[in-house]
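A.B. asks: Here it is, the structure in full.
The values are calculated or read from the model by the stated rules, or taken from the named source; none is laboratory data. If you're wondering where the values come from, they're calculated on a predicted model, not measured in any experiment. Every residue, glycine as well, gets a Cβ built from its backbone with ideal geometry; the counts of neighbours run over all protein chains shown. In case anyone asks, the SASA skips ligands and DNA or RNA and just uses the protein heavy atoms, side chains included. Shrake-Rupley method; radii C 1.70, N 1.55, O 1.52, S 1.80 Å.
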Amino acid sequence: MLSHIPPISPKTPYTPWPIHKFKVIALMAIFIWLLVPKQAKAQNDGAAIAGAVGALAAIGTGVAAVEQMKERAELTATQWVLSNYPQMTSFSLKTVDFEGKKLKDMSSASVITFKIQEFEPVDKPVLNGKKYVLLGFTSHGWINEYGIDFSKVKWFMLDKSEWTKMMVSYVKVASGSDPAKIEEVIVKGNIVNRGVKVKGKNTIPFFKLEGDMYLVTDYSDEMKFVYNERSLGIFLKDTRDLVQIKRGSLIELHEFFFHEN
């Protein structure tokens with residue numbers, strides 16, 4: 001079953017930007033400075049360098065903001081797990097899809113995903129326990145001029161069984177195939193842009209649709225699945241938000257459940 005419990009909104013202290021990020025920005029500034037032609041006039045050199053530094057500062061601000069959002073999201077997700085799954089006393093939690101995101105892309109409704117796996121508490125432990133995926137669905141306005149409002153995030157914890165049911169439902173609406181066949185195939189392969197692939201073969205092809213066509217299935221009391229132009233859309237009935245799980249994230253989560261130790 002999906003676990004849907006009201007989110008918590010912790011007050012998180014400021015976390016400094018990792019020093020390696022500053023090193024990256026500094027190296028980029030030096031690289032751009034070296035590219036300035038030696039024969040250019042001094043005033044042109046100054047203008048070029050000033051422009052480069054300004055651009056790097058803007059890039060650095062955006063990277064820093066996303067990095068802090070990722071840290072806040074991981075902390076909030078961990079606190080949510082601690083509050084709602086007290087039986088879990090040793091686990092790993094890793095963010096899946098914050099890499100490469102831009103602030104403008106995250107300001108509207110979206111979904112952030114986490115991989116969770118339990119382990120035995122020993123010296124140098126190995127991740128070999130039960131696996132979960134935690135989905136955090138954001139709503140419009142969760143990022144505003146005051147920062148991040150995690151009260152606008154809805155959390156759903158999925159185990160392997162629930163993930164399998166979700167993927168069977170999604171592949172069925174995207175392909176029209178028999179659910180029994182789908183379940184047999186998806187545990188062996190991966191769900192990619194045009195279907196379910198097993199050992200490089202597109203075993204269950206998806207319907208080819210135009211960009212303005214949608215196929216919808218009513219999955220549960222909380223959500224509907226929407227197939228449109230090779231993407232997995234999830235419509236949350238409560239907030240009436242339609243969000244999309246990135247294809248790369250979908251593949252990574254599926255591999256986490258079925259193809260990783």
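A.B. asks: Could you list all residues from the range 174-194 that are crowded, with 22+ Cβ neighbours inside 10 Å and either among the aromatic types (Phe, Trp, Tyr) or free of Cβ contacts under 8 Å to residues at least 40 places away in the same chain (or both)?
C.D. replies: Ile182 - this is the single residue of the range 174-194 that is crowded, with 22+ Cβ neighbours inside 10 Å and either among the aromatic types (Phe, Trp, Tyr) or free of Cβ contacts under 8 Å to residues at least 40 places away in the same chain (or both).
A.B. asks: Based on this model, can you work out whether Ser220 counts as free of Cβ contacts under 8 Å to residues at least 24 places away in the same chain and not β-branched (Val, Ile, Thr)?
C.D. replies: Numbers: free of Cβ contacts under 8 Å to residues at least 24 places away in the same chain: no; not β-branched (Val, Ile, Thr): yes.
Taking the combined requirement at face value, the residue does not satisfy it.
A.B. asks: Can you tell me which residue in the range 200-214 is most open to solvent (accessible area, probe 1.4 Å), limited to those that are over 18 Å from Gly248 (Cα atoms) and in a loop (DSSP other than H, G, I, E, B)?
C.D. replies: My answer is Lys208.
A.B. asks: Right, something else. Does Glu252 satisfy the criteria of being part of a loop (DSSP other than H, G, I, E, B), closer than 24 Å to Lys115 by Cβ and of a type in the set (Asp, Glu)?
C.D. replies: no
A.B. asks: Look through the range 223-261, keep the residues that are more than 15 Å from Val187 (Cβ to Cβ) and aromatic (Phe, Trp, Tyr), and return whichever of them is most open to solvent (accessible area, probe 1.4 Å).
C.D. replies: Per the criteria, the residue is Phe235.
A.B. asks: Would the range 141-152 turn up any residue that is modelled with pLDDT under 95, farther than 27 Å from Lys208 by Cα and touching an Asp or Glu at 6+ places or on another chain (Cβ under 6 Å)?
C.D. replies: Yes, that holds for at least one residue.
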